[in-house]
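A.B. asks: Got a structure here, written out as structure tokens. Questions coming.
The values are calculated or read from the model by the stated rules, or taken from the named source; none is laboratory data. Note that this is a predicted model, so its numbers are computed, not measured. Counting neighbours? That spans all protein chains shown, and the Cβs are built from the backbone with ideal geometry, glycine included. Note: accessible area is taken over every heavy atom of the protein model, side chains too, but ligands, DNA and RNA are not part of it. Shrake-Rupley method; radii C 1.70, N 1.55, O 1.52, S 1.80 Å.
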Amino acid sequence: MDKDEKYKIKSQKQKEKVDAKVAKAQIEKGVMIVITGNGKGKSTSGFGTVARCVGHGYKAAVVQFIKGKWDCGERTLLEQHDVPFAVMGTGFTWNTQDRSLDIEAAESVWQEAKKFLADPQYHLVLLDELTYMLGYDYLDKEEVLNALKNRPEEQSVVVTGRGAIRELREMADTVSEVKEEKHAFKAGVKARKGVDW
Ligand code: ATP
Ligand code: MG
């Protein structure tokens, strides 16, 4: 058997395996995706999913639990496509040095998140950096988990941030751990507009 024939047989077998898996996936429902870990690419993945959603004409909403740079490119673009953004009003403890202020800010943006998670018109909700709110007990864990669990059946949700707690990982349908191998910043390269925000 020559190389081409071998390749053909191998590809055919591979295709059969994939087709069988595709045929097996029959459930139609919104999914919960957790993108965690210490490498770069968590928020970008979340926003990429929002872009997919909006590109298909579905509605999406974004909640940013840690205030990013005010001029983050995704926000400017997505607001032009009627994607509502709810952004935490303050920075975080290492900026504000005031835990009670942070908790207040977290709770206030959480009220917005809750509305999105109860509204079936949203095909997708991105909860960017939510993991920290649970890791630091800024939000009531049970309340957050319940809102996620009881969201509309067709609604998907993406949760990003380092150190996702066990309960989030267990509840999710898909969990990806982004592992850092290198990061430009560690070699002294400044965060870049249009790349890092
Ligand atoms: P991104 O928004 O680029 O997808 P991320 O969401 O995975 O990053 P965060 O921890 O939210 O990671 O990082 C916020 C900012 O820090 C971003 O500007 C990102 O590029 C940068 N960053 C991400 N990972 C690292 C890292 N391992 N070392 C240094 N900076 C990082
Ligand atoms: Mg992020």
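A.B. asks: Relative contact order, percent, of the chain when contacts are C-alpha pairs under 8 Å separated by at least 6 residues?
C.D. replies: Reported as a whole number, the value is 34 percent.
A.B. asks: Could you give the length gained on full extension between residue 80 and residue 31, defined as 0.36 nm per residue of separation minus the Cα-Cα distance, in nm?
C.D. replies: Once the chain is fully extended between residue 80 and residue 31, it gains 15.1 nm.
A.B. asks: Further question: Whenever you get a sec, compute what percent of the accessible area on the chain sits on carbon and sulfur atoms (1.4 Å probe).
C.D. replies: Roughly 51 percent, rounded to a whole number.
A.B. asks: Loop only per DSSP, at most 14 neighbouring Cβ atoms within 10 Å: give me the GluC sites (Glu not before Pro) in the stretch 105-197, ordered by residue number.
C.D. replies: Counting only loop positions with at most 14 other Cβ atoms within 10 Å, the GluC sites (Glu not before Pro) in the stretch 105-197 are 153, 154, 180, 181.
A.B. asks: Here is a follow-up. How would 56, 183, 81 rank on accessible area, largest to smallest, probe 1.4 Å?
C.D. replies: Listed by decreasing accessible area, they come as 56, 81, 183.
A.B. asks: Would you mind checking the pairs 17/182; 141/182; 21/59 and listing those with alpha carbons more than 31 angstrom apart?
C.D. replies: 17/182; 141/182
A.B. asks: Now a separate question. Debye sum, Cα scatterers, the stretch 1-132, no solvent: what log₁₀ I/I(0) at q = 0.18, 0.19, 0.20 1/Å?
C.D. replies: -1.04, -1.12, -1.20
A.B. asks: While we're looking at this one, here's another question. With a 1.4 Å probe and every protein chain left in place, tell me how much accessible area residue 197 has, in Å² to the nearest 10.
C.D. replies: 60 Å²
A.B. asks: Give the accessible surface of the chain per residue, rounded to a whole number of Å², with probe radius 1.4 Å and ligands, DNA and RNA excluded.
C.D. replies: Accessible area per residue, the chain: 64 Å².
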